[in-house]
Amino acid sequence: RKEVEQDPGPFNVPEGATVAFNCTYSNSASQSFFWYRQDCRKEPKLLMSVYSSGNEDGRFTAQLNRASQYISLLIRDSKLSDSATYLCVVKREEGGKLIFGQGTELSVKP
Amino acid sequence: NAGVMQNPRHLVRRRGQEARLRCSPMKGHSHVYWYRQLPEEGLKFMVYLQKENIIDESGMPKERFSAEFPKEGPSILRIQQVVRGDSAAYFCASSPGIMNEQYFGPGTRLTVT
């Protein structure tokens, strides 16, 4: 079983739609959580860190449930430019390495 | 403030040759991480370095791969005697400290022919 699991998609949605991505992690020692986006296998770009209290950045909302070991990302009012692969990422309490999920592909259509 | 820089962006090597990949972290960042993305796969951690020290190399293949981050100059990922299975995108990331977010460079795409 992978340490970080995501639905690979693809998610095909029309512009303006709301889309939600889910992610589960298996190691309870995970301490920090992030969402990155990757366009066409270019470098991953940090979208947002995820906090226990939940956090919002414009159209993007991230939630963390430590008890269920579950992370989510909600994108409201999807834009064409949101089309990308969204990577769920965790970091353990010890060490600096990031552990990536396989990514969820999003395609926003006009 | 320039971002993480990697060079070369593309590298072609024949089987058995050596590949050297360079990474210059963002200004003020002393922590460097290397990740590899094989075709059709996710990113996998390889090694974590601070200046002159390897902190965690748990993701490095046991043979042919080495990394360094000297006191002066970029971090280097070195692959000796490359094989076709080494063809991948190699990304470097940096952070100011172990607890901070990591920012990625544009990657080096290695093709082994």
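The values are calculated or read from the model by the stated rules, or taken from the named source; none is laboratory data. As the structure is a computational prediction, the values presented were derived from the model and not from experiment. Using ideal geometry, Cβ is built from the backbone for each residue, glycine included, and neighbour counts are taken over all protein chains shown. Surface accessibility is based on the protein's heavy atoms, side chains included, excluding ligands, DNA and RNA. Shrake-Rupley method; radii C 1.70, N 1.55, O 1.52, S 1.80 Å.
Here's the yes/no breakdown for (1) open to solvent by 80 Å² or more (accessible area, probe 1.4 Å); (2) over 12 Å from the mean Cα position of the chain (by Cα); (3) modelled with pLDDT under 95; (4) within 14 Å of another protein chain (Cβ to nearest Cβ):
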| site | (1), (2), (3), (4) |
| --- | --- |
| B:Gln6 | no, no, no, yes |
| B:Arg22 | yes, no, no, no |
| B:Gly28 | no, yes, yes, no |
| B:Tyr35 | no, no, no, yes |
| B:Glu40 | yes, yes, yes, yes |
| B:Ser58 | no, yes, yes, yes |
| B:Lys62 | yes, yes, yes, no |
| B:Phe65 | no, no, no, no |
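Close contacts from region B:86-113, counting a first residue that is facing another protein chain (nearest Cβ under 9 Å) and under 17 Å from B:Glu40 (Cα atoms) and a second that is among the small types (Gly, Ala, Ser) and outside any strand (DSSP E or B), with Cβ to Cβ under 6 Å and a gap of 6+ residues or different chains, come to B:Ala89/B:Gly107; B:Phe91/B:Gly107. Across region A:65-84, the number of residues qualifying as in contact with a Pro (Cβ under 9 Å, 6 or more places away or on another chain) and either within 13 Å of A:Phe34 (Cα to Cα) or among the β-branched types (Val, Ile, Thr) (or both) comes to 0. Picking from residues in region A:89-110 that are more than 19 Å from B:Leu38 (Cβ to Cβ), within 11 Å of another protein chain (Cβ to nearest Cβ) and in a strand (DSSP E or B), the one that is modelled with the lowest pLDDT is A:Arg92. If you go through region B:80-97 and pick out every residue that is open to solvent by 60 Å² or more (accessible area, probe 1.4 Å) and within 20 Å of A:Phe100 (Cα to Cα), you end up with 0. In region B:69-85, the residue that is farthest from the other protein chains (Cβ to nearest Cβ) out of those that are in a loop (DSSP other than H, G, I, E, B) and in contact with an Asp or Glu (Cβ under 9 Å, 6 or more places away or on another chain) is B:Gln81. Comparison of B:Ser24, B:Ser66, B:Ser95 shows that the only residue that is among the hydroxyl-bearing types (Ser, Thr, Tyr) and touching a Lys or Arg at 6+ places or on another chain (Cβ under 9 Å) is B:Ser66.
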